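This structure is in structure tokens; I'll ask about it shortly.
The values are calculated or read from the model by the stated rules, or taken from the named source; none is laboratory data. Computed from a predicted model, the values in this text were never measured in an experiment. Cβ atoms come from the backbone with ideal geometry, glycine included; neighbour counts cover every protein chain shown. Note: areas computed on protein heavy atoms with side chains; ligands, DNA, RNA excluded. Shrake-Rupley method; radii C 1.70, N 1.55, O 1.52, S 1.80 Å.
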Amino acid sequence: MKLKTVILFSFLSVIISAQVKKDYPIQPVPFTQVKVEKGFWFDRMEKNRTVTIPYALKLCEETGRIKNFAIAGGSEKGDFCSKYYFDDSDVYKVIEGASYALMLKPDKKLEKQLDKIISLISTAQEKDGYLYTVRTMGSHKFERVTGPTRWLNEEGSHELYNLGHMYEAAAAHYMATGKKTFLNVALKSAELICKVFGPGKLSLPSGHQEVEIGLVKLFRITGKEKYLNLAKFFLDMRGNYVDGRKSWGEYNQDHKPVIEQDEAVGHAVRAGYMYSGMADVAALTGDKDYLKALDKIWNNVAGKKLYLTGGVGATGSWEGFGKNYDLPNASAYNETCASIANVYWNHRMFLLSGEAKYLDVMERTLYNALLSGISMTGDKFFYPNPLESFGTHERAAWFDCACCPTNVTRFIASVANYMYAVKGNELFVNLFTNNETEIKLAAGKVKLKQETNYPWDGKIKIVVSPKMKEEKFSLNLRIPGWAQNEAIASDLYKFIDQPKEKINLTVNGKQAELKIENGFAVINRNWKAGDMIELEFPMEIKRVVANENAEADKGRVAIQRGPIVYAAEWVDNKDGYVRNILLKDNSKLTAEYKPELLNGVEIIKGSVLGYRLANDKKTLKQSEQEFTATPYYSWAHRGKGEMSVWLAREESAVRPLAGPSILTNAKLTVSHGKNPLAMIDQMDSKSSIDESLPYFHWWSSKGEKEFVQIDFSKPEEVSEVSIYWFDDTGIGECRVPASWKVFYKEGEKWPAVYTTDKYGIEKDKYNSIIFETVRTQSIKIEIQSQKDFAGGIHEIKLK
């Protein structure tokens with residue numbers, strides 16, 4: 001680390017301690033004080049530094065995100081270049097990530113690159129501090145969303161959201177370099193919004209929460225309470241409708257005041273950032289009403305709305321929370337940004353309370369839902385992270401809405417921030433990876449060296465070396481809930497296997513009492529240089545079942561080993577299918593480390609039953625087959641195919657392979673849209689709105705005439721066409737069609753099939769038309785979508 005960075009951190013600590021009267025009772029050890037060494041997280045951090053950050057900067061340049069600042073500043077001409085009006089925020093996030101990387105390893109080339117971008121940003125700032133490139137350059141592209149004047153449509157404009165990310169990035173750049181170039185831009189902006197918003201001024205909450213976190217960071221740097229007060233003001237304006245303002249609803253968490261909220265609702269990223277901001281404000285102001293609300297909301301999430309992978313956000317329709325226990329797998333959204341926000345929130349809940357249950361959720365999210373969002377190559381990404389796929393998912397090189405790739409850069413760069421914490425003479429060890437650190441306690445400084453092959457191995461060795469000859473303090477080692485046979489601190493998930501091994505703890509080779517308080521093994525003693533702790537967790541393979549109210553997981557079981565949740569993928573299992581297998585409770589499972597597979601992973605092996613339908617399409621046939629599961633975070637690195645976290649435990653949950661049909665070898669052509677093969681996968685939906693199985697849709701094309709053409713490999717006799725429509729009334733914009741017709745190819749002509757039957761457009765059933773048998777090599781189905789809506793199909797059957 002650069003000397004000036006160390007001095008700067010010390011300087012900031014003095015400012016903060018002098019000017020911040022209240023704070024989190026437990027303080028995180030800054031990641032700059034933790035030297036992560038070779039192992040699981042070192043590899044991820046290096047890939048982020050050497051691949052993801054340069055790649056994200058390059059894409060921000062190529063997509064016009066950086067050019068937008070040049071146009072707004074007048075050095076270039078043109079209209080807003082990128083796809084979304086909030087794209088300024090992506091540049092800010094990558095600057096933040098790059099700044100964190102600079103704190104860990106100096107890079108003159110990267111520092112100069114940031115200087116150049118920051119210079120462009122400063123030119124885009126208006127004289128009074130306003131900074132929002134799409135408006136400054138006078139673009140009319142997004143006037144419907146951004147509004148004709150400043151702040152007029154804050155509900156959707158993301159003006160304050162952008163600024164929140166800018167404040168965080170500016171704080172990071174200042175701490176990394178000591179330069180005030182970006183910090184001055186942020187402070188000028190913050191002064192403006194302090195003048196515009198507040199009691200007796202413009203009384204609005206932020207549209208997309210984030211500015212609250214950013215303002216708190218500026219408060220910590222400057223000590224100016226008006227920044228903290230404004231953060232609290234934005235939070236307190238939610239659910240308070242002054243000056244005739246109407247509610248923005250649950251989607252924006254604006255349905256009631258934050259201190260009255262007791263359930264996680266709406267957009268999951270907005271929610272996670274809001275809960276993190278509430279925790280910051282509660283810590284710095286002592287607001288107990290905030291704490292009570294956060295406790296209730298956390299219990300709701302952990303007890304009813306958290307995926308086994310630690311992801312949050314059940315539905316893609318609003319990228320957010322569903323109803324209690326509504327945890328579908330194939331349609332699970334679990335946005336990568338929401339996982340990052342979930343880590344932020346749970347870490348803050350620990351800092352407030354000292355309870356390890358929050359770190360357990362944080363770790364679950366960190367190793368599973370969050371890591372799924374970034375490929376091991378560092379340049380491929382997932383936006384949603386479902387728990388089941390039918391072969392329709394693949395990692396993307398970038399997104400038009402690139403919030404997730406850019407968010408990953410800043411998170412992975414600072415992941416060491418979550419490893420240690422202190423409170424007076426208590427030192428908390430929260431996460432396990434190879435590292436060295438020196439931490440200041442009330443009693444004095446102490447060095448720790450941690451060695452482990454976690455998460456594949458449960459053995460952790462920690463060497464403790466106080467700076468003085470001998471120091472007395474408390475070392476608190478987190479004992480994960482999974483190591484105590486508790487899947488989560490609620491009844492949402494539970495392990496069904498009885499533990500066979502025990503946690504082992506020794507100090508200097510002698511057995512130590514396992515005294516657990518709030519989820520930590522507490523060792524309070526006089527420490528001497530070279531004292532060695534050896535902690536070993538039983539890395540048993542655990543079977544997990546969900547609460548019976550979680551309908552999507554009924555009759556199913558999942559696998560977990562240590563903090564890692566496992567998934568079965570097509571490439572490792574018979575014939576490329578996993579939907580048709582059943583894992584019996586008494587089936588023996590074994591773990592094996594594969595150093596050459598997926599950058600080195602522990603796999604789970606065993607035997608399962610594979611199910612098929614007999615020729616009569618009714619009788620189930622089963623056969624024993626080998627089974628392999630790999631870590632969930634590593635899925636979709638070997639091509640597209642089936643994947644499932646939850647496997648059938650009971651026959652009722654099996655989706656047997658149906659065998660060949662008239663459509664098996666047919667070629668499907670559609671007017672447009674993705675994954676047409678979903679229409680002939682022979683999986684029957686429970687309802688038209690069922691998103692748990694694959695479906696096809698023509699969204700976002702509305703009110704148009706669409707078609708599906710089916711070409712057979714040889715002429716076939718057809719006398720019946722049945723269609724099960726996809727209709728997501730209430731959550732989306734797909735509806736049953738206004739009308740449809742069936743045609744068959746005869747020579748070069750396409751006559752309609754002759755039928756007296758009505759073409760059905762009913763939901764929740766197959767709509768069939770029966771006609772005189774035709775012999776043809778092609779069938780075409782034409783659909784007229786309803787006005788203002790798109791069409792969709794779950795399944796097509798032919799006879």
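Which of the residues that make up the stretch 358-390 are over 17 Å from Thr315 (Cα atoms) and either open to solvent by 20 Å² or more (accessible area, probe 1.4 Å) or free of Cβ contacts under 8 Å to residues at least 12 places away in the same chain (or both)?
Selection gives Asp360, Met376, Thr377, Asp379, Lys380, Phe390.
If you don't mind, another one. Looking at Asp728 and the list (1) open to solvent by less than 70 Å² (accessible area, probe 1.4 Å); (2) modelled with pLDDT under 95; (3) touching a Phe, Trp or Tyr at 6+ places or on another chain (Cβ under 8 Å); (4) farther than 26 Å from Leu613 by Cβ, which single condition is not satisfied?
(3)
Limited to the stretch 330-357, what total is found for residues that are assigned to a loop (DSSP other than H, G, I, E, B) and buried (at least 24 other Cβ atoms within 10 Å of the Cβ)?
In the first step, residues of the stretch 330-357 are kept if they are assigned to a loop (DSSP other than H, G, I, E, B); the result is 330-335, 354-355.
Okay, now just the ones that are also buried (at least 24 other Cβ atoms within 10 Å of the Cβ), so 332-335.
The total comes to 4.
If you don't mind, there's one more thing I want to ask. Testing Asp115 on (1) in a helix (DSSP H, G or I); (2) over 16 Å from Ala171 (Cα atoms), one condition comes back false. Which one is that?
So Asp115 meets the others, but not (2).
Among the residues in the stretch 530-537, are any without any contact (Cβ under 8 Å) to a residue 12 or more places away in the chain and open to solvent by 20 Å² or more (accessible area, probe 1.4 Å)?
Restricting attention to the stretch 530-537, the residues satisfying the condition of being without any contact (Cβ under 8 Å) to a residue 12 or more places away in the chain are none.
No, the stretch 530-537 contains no residue that is without any contact (Cβ under 8 Å) to a residue 12 or more places away in the chain and open to solvent by 20 Å² or more (accessible area, probe 1.4 Å).
For the subset of the stretch 229-262 comprising residues that are open to solvent by 30 Å² or more (accessible area, probe 1.4 Å) and touching a residue at least 60 places away in the same chain (Cβ under 8 Å), which member is nearest to Val301 (Cα to Cα)?
So the residue we want is Tyr251.
Would you mind stating whether Ile680 is open to solvent by 50 Å² or more (accessible area, probe 1.4 Å) and closer than 20 Å to Ile761 by Cα?
In short, no.
Out of the residues in the stretch 403-425 meeting the condition of being open to solvent by 30 Å² or more (accessible area, probe 1.4 Å) and part of a loop (DSSP other than H, G, I, E, B), tell me which one is farthest from Leu477 (Cα to Cα).
Filtering first and then ranking leaves Gly424.
Could you tell me which numbered condition Ala271 fails, if it satisfies all but one of (1) over 27 Å from Glu426 (Cβ atoms); (2) surrounded by fewer than 18 Cβ atoms within 10 Å (Cβ to Cβ); (3) of a type outside the set (Lys, Arg)?
The one condition Ala271 does not meet is (2).
Continuing with the same structure: Pairs please, first residue from the stretch 181-192 and over 10 Å from Tyr130 (Cα atoms), second anywhere and of a type in the set (Lys, Arg) and surrounded by 23 or more Cβ atoms within 10 Å (Cβ to Cβ), Cβ atoms under 7 Å, 6+ apart in sequence or on different chains.
none
Can I ask one more? Name the residues in the stretch 60-90 that are open to solvent by less than 20 Å² (accessible area, probe 1.4 Å), in a helix (DSSP H, G or I) and not small (Gly, Ala, Ser), would you?
If the condition is that a residue be open to solvent by less than 20 Å² (accessible area, probe 1.4 Å), in a helix (DSSP H, G or I) and not small (Gly, Ala, Ser), then Cys60, Arg65, Ile66, Asn68, Phe69, Ile71, Asp88, Asp90 are the ones that fit.
Take the residues of the stretch 742-781 that are of a type in the set (Lys, Arg) and assigned to a loop (DSSP other than H, G, I, E, B): which is farthest from the chain's Cα centre (by Cα)?
Lys745
Let me ask something additional. Only one of Leu668, Leu657 is modelled with pLDDT of 95 or more and over 17 Å from Val601 (Cβ atoms). Can you tell me which?
Leu668
Now a separate question. Quick one: is Lys461 under 28 Å from Glu602 (Cα atoms), assigned to a strand (DSSP E or B) and open to solvent by 40 Å² or more (accessible area, probe 1.4 Å)?
Spelling it out, Lys461 is indeed under 28 Å from Glu602 (Cα atoms), assigned to a strand (DSSP E or B) and open to solvent by 40 Å² or more (accessible area, probe 1.4 Å).
Still on this structure: Give Arg478, Arg556 a once-over and let me know the one that is among the basic types (Lys, Arg), open to solvent by less than 60 Å² (accessible area, probe 1.4 Å) and more than 23 Å from Pro455 (Cα to Cα).
Arg556
Just checking, how many residues over the stretch 391-402 are closer than 21 Å to Arg270 by Cβ and surrounded by fewer than 22 Cβ atoms within 10 Å (Cβ to Cβ)?
Looking only at that region, the number is 3.
Let me ask something else about it. Can we say Ile559 is within 30 Å of Ser474 (Cβ to Cβ), out of contact with any Pro (no Cβ under 7 Å at 6 or more places or on another chain), of a type in the set (A, V, I, L, M) and part of a strand (DSSP E or B)?
Taking the combined requirement at face value, the residue does not satisfy it.
Conditions tested, residue by residue: (1) within 30 Å of Tyr333 (Cα to Cα); (2) touching a helix residue (DSSP H, G or I) at 6+ places or on another chain (Cβ under 8 Å); (3) charged (D, E, K, R).
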position	(1), (2), (3)
Asp728	yes, no, yes
Arg735	yes, no, yes
Lys741	no, no, yes
Thr756	no, no, no
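Just one of (1) outside any loop (DSSP other than H, G, I, E, B); (2) among the basic types (Lys, Arg); (3) open to solvent by 70 Å² or more (accessible area, probe 1.4 Å) trips up Lys542, so point out which.
(3)
Separate question: Residue check: is Arg150 of a type in the set (Lys, Arg), more than 18 Å from Cys60 (Cα to Cα) and modelled with pLDDT of 95 or more?
Answer is yes for this residue.
Select from the stretch 37-59 the residues that are touching a helix residue (DSSP H, G or I) at 6+ places or on another chain (Cβ under 7 Å) and either open to solvent by 50 Å² or more (accessible area, probe 1.4 Å) or of a type in the set (Ser, Thr, Tyr) (or both) and list them in ascending order. Before the answer, list the steps.
First pass over the stretch 37-59, keeping only residues touching a helix residue (DSSP H, G or I) at 6+ places or on another chain (Cβ under 7 Å): 41, 44-45, 48-49, 52-53, 56-57.
Listed by number, the residues that qualify are Arg49, Thr52.
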